[in-house]
1. Given the residues 235, 242, which is the only one that is in contact (Cβ under 8 Å) with a residue 60 or more places away in the chain and in a helix (DSSP H, G or I)?
2. Take the residues in the range 86-105 that are of a type outside the set (Ser, Thr, Tyr) and under 20 Å from residue 206 (Cα atoms), then tell me which one is surrounded by the most Cβ atoms within 10 Å (Cβ to Cβ).
3. Residues of the range 125-151 being among the aromatic types (Phe, Trp, Tyr) and in contact with a Cys (Cβ under 9 Å, 6 or more places away or on another chain), which ones?
4. Search the range 169-187 for residues being among the charged types (D, E, K, R) and in a helix (DSSP H, G or I), and hand back the single one that is nearest to residue 156 (Cα to Cα).
5. Go over the candidates 268, 216 one by one and state the one that is within 23 Å of residue 155 (Cβ to Cβ) and outside any helix (DSSP H, G or I).
6. Take residue 4 and decide whether it is part of a loop (DSSP other than H, G, I, E, B), at pLDDT 95 or above and not assigned by TED's automatic domain parsing to the domain that holds residue 138.
7. Just checking, does the range 130-149 include any residue being surrounded by 13 or more Cβ atoms within 10 Å (Cβ to Cβ), without any contact (Cβ under 8 Å) to a residue 12 or more places away in the chain and over 13 Å from residue 225 (Cβ atoms)?
8. Does residue 237 fit the bill of being surrounded by 24 or more Cβ atoms within 10 Å (Cβ to Cβ), more than 13 Å from the chain's Cα centre (by Cα) and either among the hydrophobic types (A, V, I, L, M, F, W, C) or closer than 30 Å to residue 76 by Cβ (or both)?
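The values are calculated or read from the model by the stated rules, or taken from the named source; none is laboratory data. Since we're looking at a predicted model, the values are computed, not measured. For neighbour counting, all protein chains shown are included, and Cβ atoms are generated from backbone atoms with ideal geometry for every residue, glycine included.
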Amino acid sequence: MSTPTHRAGDGAVSAEPPPDVAARLAAVPLFAGRALRVTLLPGGLTNVNCRVDVDGRAYVARLSSPSGSLLAIDRDAEHRHSVAAARSGVAPAVADYAPDVGVLVVEWVAGRTLTDADVRDEATLLRIAAACRQLHAGPPFTTGFDMFALQRRYLAVVTEHGYRLPPRYLDFEPVVERIRAALARRPLASVPCHNDLLAANLIDDGERLWLIDYEYSGNNDPCFELGNIWSEAGLAVGQLELLVGAYFGHPSRSLTARARLLGLMSKYGWTLWASIQAAVSRLEFDFWSWGMERYDRAVAEFDGPDLPRLLEEVGLGD
């Protein structure tokens, strides 16, 4: 999960970067031996993000955190997928990658980072659906993404290290298995997905939408992408129906049910991401509250009246 990395205002700091940041940037071939103007960017929950101006060009440098391994982030895959996404036309071009110092450099995109309120706008939802179709039709990624597998991996980390679990978390595991089995009966072809399209990873340059930050990217069910957007932006069910219809070109009860179930899984799985981050991150951010906000919404769906119907509708052929 991440927050804006392309916005230079709202608290950006243009003073000298910390020595460790400066040293890592200097080790990037693109920047080595050149005079850099570095602006620390706000946000970023698993990275330090900087705007780097050099010789009249602007870039975003993403300096990865060592905690990424616990969160199942594959930085080499992130680099490869960023290159592929750029080829699809929806992501900034990759300018350099220095794996030895954990720095990925992409071209700066001038634009406005979206908010949840923007995502809830009908016209913007239609643009997001089109951007997702463009990414999904682009070059395939080299690894897959499966929230069911990732949630199990996160649960193993949390259990092994004794990190906090929300009340009743394990009680829902049998329901999760029912959801997984229901989805598996009519699988969709995997496509290259971003898998983390919260509003902060969408930039509007006035003409087009850019999808940034490919930490969790991988080939996946396209309905996870749509369900995750629905979940992260707090969309109403009717707005998810609009998003699904715009993406697939027709309304569909089964595909909307699929996106809802996968959106529920995103909330359930990212809750554990927050538990891990709350235990290991050095950032001054309330990861636990962030995760509990998603978990509380997941519980409402697990306990709500719609789940049996969704499990039935996901198997329809409409």
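1. After ruling out the rest, the residue left standing is 242.
2. 91
3. Within the range 125-151, 141, 145 qualify.
4. 173
5. 216
6. Considered against the rule, which asks whether it is part of a loop (DSSP other than H, G, I, E, B), at pLDDT 95 or above and not assigned by TED's automatic domain parsing to the domain that holds residue 138, residue 4 comes out as no.
7. Yes - at least one qualifying residue is present in the range 130-149.
8. Answer is no for this residue.
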